[in-house]
1. If you fit an axis through the alpha-carbon atoms of helix 29-43 and take the longest principal axis of the Cα set of the chain, what angle between them do you get, 0 to 90°, nearest 10?
2. Kirkwood Rh over alpha-carbon pairs of the chain, then Stokes-Einstein at 4 °C and 1.567 mPa s: what D in µm² s⁻¹, rounded to an integer?
3. Straight-line reach only, C-alpha to C-alpha below 25 angstrom: list the lysines that residue 58 could link to, leaving out same-chain residues fewer than 8 apart.
4. What does the accessible area of residue 45 come to, in Å² to the nearest 10, when a probe of 1.4 Å is used?
5. Sorting 172, 208, 276 by accessible area (1.4 Å probe), largest first, what list results?
6. By how many degrees, between 0 and 90 and to the nearest 10, does the Cα long axis of helix 119-131 differ from the longest principal axis of the chain?
7. What angle, in degrees between 0 and 90 and rounded to the nearest 10, separates the Cα long axis of helix 330-345 from the longest principal axis of the Cα atoms of the chain?
8. What relative contact order, as a whole-number percentage, does the chain give when Cα pairs under 8 Å and 6 or more residues apart are counted?
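The values are calculated or read from the model by the stated rules, or taken from the named source; none is laboratory data. The structure presented is a predicted model; accordingly, all values stated were derived computationally and were not measured. Positions of Cβ are backbone-derived with ideal geometry, glycine not excepted, and every protein chain shown enters the neighbour counts. Side chains included, ligands, DNA and RNA excluded: accessible areas come from the protein's heavy atoms. Shrake-Rupley method; radii C 1.70, N 1.55, O 1.52, S 1.80 Å.
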Amino acid sequence: MTAAQQMPASEIRHDWTRQQVLDLFALPFNDLLFTAQQVHRMHFDANRVQVSTLCSIKTGACPEDCAYCPQSARYDTGLEREKLMEVEKVLEEARAAKAGGATRFCMGAAWRSPKKKDMPYVTQMVREVKALGLETCMTLGMLKDEQAAELAEAGLDYYNHNLDTSPEYYGEIITTRTYQDRLETLDRVRAAGMKVCAGGIVGMGEGEKDRAGLLMQLANLPEHPESVPINMLVKVAGTPLETEEDLDPFEFIRCIAVARIMMPKSHVRLSAGREEMSDEMQSLAFLAGANSIFYGEKLLTTANPETNEDMQLFARLGIQPEEYRQYADDAELEADLNAQVSEQQNAPYFYDAAK
Ligand code: SAM
Ligand code: DTB
Ligand code: SF4
């Protein structure tokens, strides 16, 4: 057995060095995927994928200059600017998402940060979407301590705030807020007691060392984000990145596998960019340890695969959507995950790579 075929360590680490991450990226593709799949099976049922649906509650006219984003007011992308959606309209979309099989509803706003006057509306959205029996997630930009506390108090389960890329490449992409600003918002989300959803975008012209740098930042946070969206850049006409070169699809899959190995207990989400991916590429992403998707025909403003295509792909791969179960505490969650893993190990086709 080669070193890469030995059972990988499953401990949760926060001390990754850039070289260790680059060494993972440099593994032969099959060894990397095998290792990622082993880590995945230690903590998850490998045939379940969590399903989230996005809703853009405030679209366009954003003052920030994120070079990838169709919603920045600085670029002419032909997007209609809209004001904050009415709560009832958001609930209509949430009900449709639930009926379609989503278990988490993620509400996104094209803001630098929420204003005081917005908070009563967004907290009402959280309360009412939660009352439908959906998990809630919001992404509203940078938060102050009191805003994080208000969202937590309303019952918000997850807050999404991406680091986007490595600290070194960041200045090529965004100049209107710093990397440190982003880290501080993530700290505030944690301190308020919410779960963290944080990831980034690849295919923005960055190098492998930047993809490694992004994953290193995420895994070396004091606690791993529970949810790690890995987005492939959606190239939108009018944005500065519209003519960026395509990233090698295998490099994207490597990124998912390395995220899985570095953050063994996190849900790694195969996020934006699926519309451009073949079924085969998406199945490789699941094999590499992705276990969450955005489901629904639209992301925030751009296209996502048709829902029936996704359900057909799940059926062809024998994947079941992950159920939303509410747990009294982390111990109960852990016990349920262990039960699912041991059920999987008793399955007739289970191959114990450790032996
Ligand atoms: N305005 C808030 C913020 O940026 O903090 C929240 C919404 S913003 C649209 C959420 C995330 O979507 C960004 O951090 C970025 O990672 C992702 N995103 C935006 N445009 C994208 C694109 N064209 N391709 C891939 N991901 C994108
Ligand atoms: C994340 O990491 N990706 C989502 C969600 N978090 C908010 C957004 C993707 C947006 C893709 C471009 C668009 O549709 O506007
Ligand atoms: Fe605004 Fe968010 Fe888009 Fe940046 S990513 S321009 S902050 S909506």
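1. Helix 29-43 sits roughly 80 degrees off the main axis of the chain.
2. Numbers: Rh = 20.7 Å.
Reported coefficient: 63 µm²/s.
3. Partners within reach: 83, 89, 98, 115, 116, 117, 130, 144, 195, 235, 298.
4. Here the residue's solvent-accessible area equals roughly 30 Å².
5. Values: 172 130, 208 60, 276 165 Å².
I get 276, 172, 208, largest accessible area first.
6. The answer is roughly 50 degrees.
7. 40
8. On the way: 634 pairs, mean separation 84.4, N = 355.
The normalised contact order for the chain reaches 24 percent.
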